[in-house]
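Report on the following structure.
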Ligand code: IFM
């Protein structure tokens with residue numbers, strides 16, 4: 001029996017662009033056409049169907065839900081803030097609260113308003129100011145019901161895909177620009193952190209808890225080869241810990257938000273790898289990697305919130321084993337006094353997986369993209385038992 005703390009947060013994560021539909025003013029809407037990708041279109045129609053989706057989350061015994069705000073809806077044109085959209089997200093927060101689901105709100109989950117990107121995106125010297133104007137409006141509007149804020153989702157993944165590999169908008173491939181963006185995102189986070197805390201203070205609200213969602217990837221070296229070891233410890237630092245160190249040095253994290261999916265092995269042709277299972281996107285399934293990372297995070301002496309962990313698979317039994325195995329590793333870490341406070345599965349619904357379109361199926365709930373009908377998967381029902389009793 002694996003018992004989790006009584007006040008543990010249990011639930012799922014989503015992001016606006018990946019579920020809402022019709023995000024006309026976002027950079028991705030333009031990018032899909034630019035690169036001839038599968039269009040996100042109506043997506044899961046979650047923008048209209050969110051109450052029905054939250055009913056399902058409540059029925060599945062969740063007590064928390066992470067979602068993101070689409071900046072391009074709030075500010076579709078530079079300097080024009082659409083109050084009806086702020087009202088929409090206020091209603092989302094109210095709906096979650098009515099169902100006893102703790103809202104965990106992400107301010108930026110990869111997508112940006114097209115006007116911002118056309119003005120140079122994060123490379124523009126005024127980018128951080130633009131972001132802060134948006135953050136201020138949203139936090140002013142939603143502070144009444146939100147305690148947990150995530151400023152930026154997976155900043156290093158964003159930099160890698162958008163400025164290094166060039167497969168996400170704006171499609172740049174430049175090491176120098178990647179470094180510039182890194183600095184901008186760090187600044188955007190630190191300033192947002194201060195701004196959010198200031199707004200809560202001015203309103204005499206309890207201090208919020210602010211963090212980022214840090215994608216952590218396991219790096220596991222299967223040889224004693226010192227060159228391999230060096231490469232991996234460097235990658236581990238660059239991808240996993242460099243930004244956390246920067247943000248913690250600047251006292252701008254109230255807890256650590258972790259997204260964990262997979263691990264990289266070296267050497268890539270090792271015979272041992274044939275026994276390690278993969279998801280249907282070819283990512284290794286390696287729950288032990290999460291355990292090692294959690295132990296490494298212990299040095300920061302902060303609470304840790306697993307904000308994403310999930311699998312794309314056509315086999316729902318495999319999804320369930322994935323969840324179970326990761327929860328066991330989290331439990332093991334808690335026994336080692338790592339302060340994990342919650343677990344959110346990615347994702348509540350099947351959704352739009354960026355350049356891969358709709359074929360990956362990450363959801364606890366299946367979405368029929370013709371009828372928009374939702375079907376609760378067996379894994380969701382199994383997970384709901386854990387959420388109810390806080391034990392496995
Ligand atoms: O779908 C993404 C999400 O947007 C960010 N984290 C990883 C997920 C699965 O790839």
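Only the coordinates and a few stated rules stand behind these numbers; no lab work does. All figures in this text were calculated on a predicted structure; none of them were measured in a lab.
Here is how the numbers come out for the structure above:
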{"quantity": "Square roots of five times the Cα gyration tensor eigenvalues for the range 3-61, Å", "calculated": "31, 14, 8"}
{"quantity": "Cα-based shape type of the range 25-153, given that a ≥ b ≥ c are square roots of the gyration tensor eigenvalues and the cut on a/c is 1.5", "calculated": "oblate"}
{"quantity": "Calculated over the range 285-337: convex hull of Cα atoms, volume per residue (Å³)", "calculated": "69"}
{"quantity": "Relative compactness, the range 178-259, computed as alpha-carbon Rg over 2.2 N^0.38 Å", "calculated": "1.40"}
{"quantity": "Quarter of Cα convex hull surface for the range 346-392, i.e. mean projection, nm²", "calculated": "3.7"}
{"quantity": "Three principal axis lengths of the range 77-172 [C-alpha, angstrom, descending]", "calculated": "43, 27, 17"}
{"quantity": "Per-selection metrics, the range 141-223 (Cα): Rg and Dmax in Å", "calculated": "16.5, 55"}
{"quantity": "Longest to shortest principal axis, alpha-carbon extents of the range 236-392, angstrom", "calculated": "49, 42, 30"}
{"quantity": "For the range 64-108, convex hull of alpha carbons as volume per residue, Å³", "calculated": "51"}
{"quantity": "Potential extension, residue 175-residue 250 segment - 0.36 nm per residue separation minus Cα distance", "calculated": "24.5 nm"}
{"quantity": "Centre separation in Å (Cα based) which lies between the range 236-294 and the range 337-355", "calculated": "14"}
{"quantity": "Compactness of the chain, expressed as Rg and Dmax over alpha-carbon positions, Å", "calculated": "19.9, 59"}
{"quantity": "Reciprocal mean inverse distance between Cα atoms of the range 224-285 - Kirkwood radius, Å", "calculated": "14.1"}
{"quantity": "Equivalent ellipsoid dimensions for the range 296-384 as semi-axes, Å, which come from the Cα gyration tensor, largest first", "calculated": "29, 14, 10"}
{"quantity": "Stokes-Einstein translational diffusion, the range 2-100 - Kirkwood Rh over all Cα pairs, 1.002 mPa s, 20 °C, in µm²/s", "calculated": "142"}
{"quantity": "Cα radius of gyration and Dmax for the range 144-289 (Å)", "calculated": "18.1, 59"}
